[in-house]
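Reading through the C-alpha cells given below for one structure.
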Amino acid sequence: MKAEEKRNELLAAKLIKNLERRHFDAYYCRQAADIIEKVKELIPSGSSITWGGSMSIRDIGLTQALKDGTYQVFDRDDVTTPEEKLQIYRKAFEVDYYLASANALSEDGVLVNIDGTGNRVAAITWGPKHVIFVIGLHKVAQDVESALKRARSTASPINAARFDIQTPCHADGMCHNCNSPQSICNYIHFLRNSYPAHRHIVILTDLPLGY
C-alpha cells in the first residue's frame, strides 16, 4: 500500500469514528464504482431521490446510475425553465433521499457548506428523510475554522467561476468577504450533529471530487 493510501485509510477510520459520535452513518469507499454500489445498497428500490448542484456526485456517474435504476428521480439538470427548476428545488423537501457533497469537513466531523441561494443547505437541514454526502478526503481541514476558510477561499471562487457569477472572487480567485449582489456566500451552514440520528450519511473517498 502506498503512503498516501495508508494515510487516507487511517484518516477515514478516524473521521468515521468522529462522525458516528455525532450520530451520522459513515463509510469509506476508495473508487467511484464502490461509491455507486454503496449508494444503491443504501437506497431501497422505488425511493424518491433528488440532488443539488454537487459536481462530486456527477463526476463519478452516480446521478446517471440512479436515473438508470429503479428509483423515482427528480433531476434539475433535465428541466429548462426557472419555474421547473424551482419546482424541483421544492420537491427536495419531500423526497426519501437527497444527495450532496460538502465544501469542507473538519477532522472532528463538522460539515461546512456555503450557498448562494440556500436551497442546498435548506434541504440538508430539513425535509428529505435522508441526506447522503459524497466527500473527498482532500476537503478535510484540521478544525472548523480551517474548514470554513477552505469553503470560502477554495470552493466559493471556483463555483463563482463555474456559474459565471460576477463577484470579486471570480475576478481574481480570492475571497474578499464581499457583499456583492451576486455573492455566492450568503448562507453559511455548519452541520455538527445528524438529527434525527442517522438521517445524514457520509461516504468518504480517496477521489479528489468536486471543489
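Does Val73 satisfy the criteria of being closer than 30 Å to Gln142 by Cβ and part of a strand (DSSP E or B)? Reasoning before the result, please.
Numbers: closer than 30 Å to Gln142 by Cβ: no; part of a strand (DSSP E or B): yes.
Considered against the rule, which asks whether it is closer than 30 Å to Gln142 by Cβ and part of a strand (DSSP E or B), Val73 comes out as no.
Keeping to segment 52-74, report how many residues are in contact (Cβ under 8 Å) with a residue 24 or more places away in the chain and under 18 Å from Phe163 (Cα atoms). Spell out the reasoning first.
Quick first cut of segment 52-74, residues in contact (Cβ under 8 Å) with a residue 24 or more places away in the chain only: 52-57, 59-63, 65-66, 69-74.
Restricting the remaining residues to those that are under 18 Å from Phe163 (Cα atoms) gives 52-57, 59.
Of the residues in segment 52-74, 7 are in contact (Cβ under 8 Å) with a residue 24 or more places away in the chain and under 18 Å from Phe163 (Cα atoms).
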Q) Within the set of pairs 6+ apart or on separate chains, which have a first residue in segment 12-35 that is part of a helix (DSSP H, G or I), a second that is acidic (Asp, Glu) and open to solvent by less than 20 Å² (accessible area, probe 1.4 Å), and C-beta atoms under 9 Å apart? A) none
Q | Pick from segment 146-171, criterion charged (D, E, K, R) and in a helix (DSSP H, G or I), ranking: surrounded by the fewest Cβ atoms within 10 Å (Cβ to Cβ) | A | Arg162
Q: Pick out the one residue from Ile88, Ile49, Ile135 that is part of a strand (DSSP E or B) and free of Cβ contacts under 8 Å to residues at least 60 places away in the same chain.
A: Ile49
Q: Quick one: Thr81 ticks every box in (1) more than 17 Å from Phe133 (Cα to Cα); (2) of a type outside the set (Asp, Glu); (3) exposed (fewer than 13 other Cβ atoms within 10 Å of the Cβ); (4) in contact (Cβ under 8 Å) with a residue 24 or more places away in the chain except a single one, so which number is it?
A: (4)
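The values are calculated or read from the model by the stated rules, or taken from the named source; none is laboratory data. Everything quoted here is computed from the prediction, not taken from an experiment. Cβ atoms come from the backbone with ideal geometry, glycine included; neighbour counts cover every protein chain shown. Side chains included, ligands, DNA and RNA excluded: accessible areas come from the protein's heavy atoms. Shrake-Rupley method; radii C 1.70, N 1.55, O 1.52, S 1.80 Å.
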